[in-house]
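Chemist: I'd like to ask some things about the structure below.
Just so it is clear, none of the values below were taken in a lab; they were calculated from the coordinates. Just so you know, these numbers come straight off a predicted model, no measurement behind them. Virtual Cβ from ideal backbone geometry, glycine too; neighbours counted across all protein chains shown.
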Amino acid sequence: MLKFKRRAIRHAQQFGLPEDVLLGLPRLVMHGNTSLSLENHKGVLEYTPTRIRLRTGIGTLTIQGEGMSLAQMGRHDMLLRGAIQSVGYGT
């Protein structure tokens, strides 16, 4: 599997393709500390006003803050809003 990923990354770089799309890696874009866009998620594990945990291709993404909400959610992308205090991988 590691060999496949290395080859895929090399091909992506060679042809100018985004690695995150080719490998299904999560792509996060924060807009200040009030919203976060996420592409390539694999589902919601936990959803509370202070913590949202999401499954991604490389592990569990945890977003903590206050007044957290899912503003939009699609099959592979979502928009979170609230006063974001931390974003990290782990439990």
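Chemist: Taking Cα atoms, how many degrees apart are the long axis of helix 2-15 and the longest axis of the chain, rounded to 10 and kept between 0 and 90?
Modeler: Roughly 80 degrees between the two axes.
Chemist: 222 nm [θ] for the chain, helices only, -39500 (n - 2.57) per DSSP H run of 4+, per residue, to 500? Working shown, then result.
Modeler: Details: 2 runs with 19 residues, N = 91.
It comes out at -6000 deg cm²/dmol, rounded to the nearest 500.
Chemist: Place a +1 charge on the Cβ of each Lys and Arg in the chain and a -1 charge on the Cβ of each Asp and Glu, then give the dipole magnitude about the Cα centre in debye, rounded to the nearest 20. Please list the in-between numbers first.
Modeler: Values: 12 positive and 6 negative charges, 98 e Å.
Dipole size: approximately 460 debye.
Chemist: What is the local net charge at residue 37, summed over the other residues whose Cβ is closer than 9 Å to its Cβ (Lys, Arg +1; Asp, Glu -1)? Could you put the intermediate results ahead of the total?
Modeler: On the way: positive: 27; negative: 39, 77.
Value of the local net charge: -1.
Chemist: How much FRET efficiency would the formula 1/(1 + (r/R0)^6) give for residue 55 and residue 7, where r is the Cβ-Cβ distance and R0 is 25 Å, rounded to 0.05? Can you show the working numbers first?
Modeler: Values: r = 25 Å, r/R0 = 1.01.
After rounding, the FRET efficiency stands at 0.50.
Chemist: Is the shape of the chain rounded, prolate or oblate, going by the alpha carbon gyration tensor and its root eigenvalues a ≥ b ≥ c, with a/c under 1.5 for rounded and a/b larger than b/c for prolate? Could the numbers behind the result be given before it?
Modeler: Details: a/c = 2.56, a/b = 2.09, b/c = 1.23.
Note, shape of the chain comes out prolate.
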